[in-house]
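The values are calculated or read from the model by the stated rules, or taken from the named source; none is laboratory data. As the structure is a prediction and not an experimental result, all values here were calculated from the model. Quick reminder, even Gly has a Cβ in these numbers, built from the backbone with ideal geometry, and neighbours come from all protein chains shown. With ligands, DNA and RNA removed, areas are computed over all heavy atoms of the protein, side chains included. Shrake-Rupley method; radii C 1.70, N 1.55, O 1.52, S 1.80 Å.
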Amino acid sequence: SLLSNVIAPHEIGVTFDDIGALECVKDTLKELIITPLKRPELFSKGQLLKPAKGILLFGPPGTGKTMLAKAVATESGASFMNVSMSSIASKWFGEGEKYVKAIFSLASKLSPAVIFLDEVDSMLGKRQNREEPETTRRMKNEFMVNWEGLLTKDDERVVVLAATNRPYDLDEAVIRRLPRRLMVNLPNAPNRERILKLILSKEALAEDVSLESVASMTDGYSGSDLKNLCVTAAGRPIHDLLEREQKEKSLAIIEGRPEPALLTADDIR
Ligand code: ATP
């Protein structure tokens, strides 16, 4: 089950081209993560310039943080290791430490690799006055020790990308290890239009659909909200078709005609 969270670079299936808007974030990730992973030799001169080892992506839910992390791995030819901090504790009860150790040692074997920590706040957040079980504390500690090890090895092509919706809940020690923080914000109207265009690029649209006007009506929607909107809209013609079918059937019964044949995909409009 450790391996089920690891995806080889050519199997990730998300590139920067699949992500609408967020151009500044993409450019920064290119500079800070992709180039160092692909061309480490460029960073071998001098003492000041070191490849970034950890980046925090923060912003509202559904804005594309997971997509960005996957795309970074694809674009760098790196393996993608998805570590859901909230599930480790429950799934690996009592063995969290072993799991954490395994993640880091596998990452270094697979190198280049991207370790993605989703919901990093849920595992590595402030303690918030609640008692922490000993096993969780030890696991957290193990994580920090391994992470620290990564930071001190300049030639190790492993980076940690962490994502959170609640950056203010993060532990100080975590913040320190993520010196670069990128905000992944909700899209404005022109960016919503770009995202809609991308999501709908392979769909047949009715002629009177204006993505510009949809974009102007969806203030506050995240990329994920826009995707859901499109999925719902895509189901609408089938809903209409079933309704027509039902009407025609009822009419046939009333008029004593034989039941009409079912409609087909060609009848969808
Ligand atoms: P969460 O914080 O809830 O984990 P997230 O920020 O990681 O969310 P993703 O999981 O990357 O968000 O996005 C969810 C889905 O929304 C994606 O699979 C994609 O379909 C769509 N989506 C989000 N942002 C974009 C975008 N900028 N361009 C295209 N699709 C997007």
Per residue, in Å², the accessible surface of the stretch 139-199 once ligands and nucleic acids are set aside, probe 1.4 Å | 51
Taking every eigenvalue of the Cα gyration tensor of the stretch 161-208, multiplying by 5 and rooting it, what semi-axes result, largest first, whole Å?
-> 37, 10, 8
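Between Asn5 and Asp169, what is 0.36 nm times their sequence separation minus the Cα-Cα distance? Round to one decimal in nm. Provide the component values of the computation, followed by the final result.
Values: separation 164, 0.36 × 164 = 59.04 nm, distance 2.55 nm.
Extra length from Asn5 to Asp169 when fully extended: 56.5 nm.
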Tell me, what does the Kirkwood hydrodynamic radius of the stretch 1-80 come to in angstroms if you use every pair of distinct C-alpha atoms?
-> 13.7
By how many degrees, between 0 and 90 and to the nearest 10, does the Cα long axis of helix 223-254 differ from the longest principal axis of the chain?
-> 20
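What 222 nm value per residue comes from the helices of the chain, counting each DSSP H run with n ≥ 4 as -39,500 (n - 2.57) and dividing by all residues, nearest 500 deg cm²/dmol?
Details: 11 runs with 124 residues, N = 269.
Value at 222 nm, helices only, nearest 500: -14000 deg cm²/dmol.
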How big is the chain on each of its three principal axes, counting only the C-alpha atoms and giving the largest first in Å?
-> 83, 42, 35
Charge-dipole axis of the stretch 175-269 as Lys and Arg at +1 and Asp and Glu at -1 on Cβ define it, positive-most pick from Gly235, Thr264, Ala189 | Ala189
Summed over the other residues with a beta carbon less than 9 angstrom from that of Glu142, with K and R at +1 and D and E at -1, the charge totals +3
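Roughly to the nearest percent, how much of the accessible area of the chain is carbon and sulfur, given a 1.4 Å probe? Walk me through the intermediate numbers first.
Numbers: 8290 of 15600 Å².
Carbon and sulfur together cover 53 percent of it.
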Give the residues of the stretch 10-54 whose amide nitrogen is closer than 18 Å to a point set 7 Å from the Cα of Leu151 in the direction of its Cβ.
-> 33, 48-54
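Within a Cβ distance under 14 Å of Ile238, other residues only, what is the Lys/Arg minus Asp/Glu net charge? Kindly include the intermediate steps, with their values, before the conclusion.
Working: positive: Arg236, Arg244, Arg269; negative: Glu203, Asp240, Glu243, Glu245, Asp266, Asp267.
That sum, taken over residues with Cβ under 14 Å, equals -3.
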Loop only per DSSP, at most 14 neighbouring Cβ atoms within 10 Å: give me the GluC sites (Glu not before Pro) in the stretch 133-228, ordered by residue number.
-> Glu203, Glu207
Report the net charge of residues surrounding Glu41, where surrounding means a beta-carbon distance below 14 angstrom and charges are Lys +1, Arg +1, Asp -1, Glu -1.
-> +3
With point charges of +1 on the Cβ of Lys and Arg and -1 on the Cβ of Asp and Glu, referenced to the Cα centre of the chain, which listed residue (Leu251, Phe80, Gly220) lies farthest in the positive direction of the dipole?
-> Phe80
